[in-house]
1. In debye to the nearest 20, how big a dipole does the range 1-134 give about its Cα centre with +1 on each Lys and Arg Cβ and -1 on each Asp and Glu Cβ?
2. Just in the range 16-55: which GluC sites (Glu not before Pro) are loop by DSSP and have at most 15 other Cβ atoms within 10 Å?
3. Can you say what percent of the DSSP beta bridges in the chain, counting only those with both residues inside, are antiparallel? Round to 5.
4. Kindly identify the range 15-164 as rounded, prolate or oblate by the Cα gyration tensor criterion: order the square roots of the eigenvalues as a ≥ b ≥ c, call it rounded if a/c is under 1.5, otherwise compare a/b with b/c, prolate if a/b is larger, else oblate.
5. For residue 165 and residue 223, FRET efficiency with R0 = 25 Å and r from the beta-carbon atoms, rounded to 0.05?
6. Full-extension gain between residue 189 and residue 106, please, as 0.36 nm times their residue separation minus the C-alpha to C-alpha distance.
7. Using Cα pairs closer than 8 Å and at least 6 residues apart in sequence, work out the relative contact order for the chain, in percent.
8. Given the -39500 (n - 2.57) contribution per DSSP H run of 4+ residues, what per-residue ellipticity at 222 nm results for the chain, rounded to the nearest 500 deg cm²/dmol?
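The values are calculated or read from the model by the stated rules, or taken from the named source; none is laboratory data. Just so it is clear, the model here is predicted, and its values are computed rather than measured. Because the Cβ atoms are built from the backbone with ideal geometry, glycine has one as well, and the counts that use them run over all protein chains shown. Only protein heavy atoms, including side chains, enter the accessible area calculation; ligands, DNA and RNA are left aside. Shrake-Rupley method; radii C 1.70, N 1.55, O 1.52, S 1.80 Å.
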Amino acid sequence: LVDRLTKALDSGELSLHYQPQVSAASGRIENLEALLRWQPAEGPPISPAEFIPLAERSDLIHRLGDWVMETACQQRVLWRDAGLAIGRIDIHFSGRQMSRPDVFQRFEDCLVRHGRGPQDIGLELTENVLIEADDRILEGLRRLHDLGFRIAIDDFGTGYSSLSYLKHFPVTALKIDRAFVRDAPDEPKDRAIMEAAIFIGHRLGLEVVAEGVENREQLALIREMRCDLV
């Protein structure tokens, strides 16, 4: 599968799908999240849950990461040239990607090549990436934060979830994991956790995103909690 994925990078089998982040209050699309997809020339699509862990166990994740950065920047330029009022595109960085010494320089170089900036491309990291981050990673994230880049914690509530990390890390947004959103209308405990996460996020000046909102009942609850984006 790793060998097929290597060839897929060169043969156009990979693509980015763009999932909208919508204002809970207005219903307006504010930003987009880039999702990596693999459709082989023959056979069914292969799930990221299958190929991303394999890529992370090899250096292929770095090539994938570079491809995602380039593709998202190119798409952002195409939409701008077409006159479309599309907001920022957020891309995900894995722990293995962050271990690369020049990952931040490559990210900034890519943006410069395409004439893009903090208003165009944002970063998403899991809690575990931040918890395991060394001084080099933290310094790089702080630099991007100071430059105005949006840095979100993805799948919040599913990792170690130590609230003390929110005080120390340069993040601007929390994304509440879909597992809490899915069951919140019927499960008081999930609802309580969501309310607490939104409250803490807002008190820390962070934007809060609810993942996996798929029906009106969930949306009504999210609006009642005054979550920012779905």
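1. Magnitude of the dipole: close to 320 debye.
2. Those that pass, being in a loop and sparsely packed, are 42.
3. 40
4. Rounded.
5. 0.35
6. 25.7 nm
7. RCO, the chain: 16 percent.
8. One gets -14000 deg cm²/dmol as the mean residue ellipticity at 222 nm.
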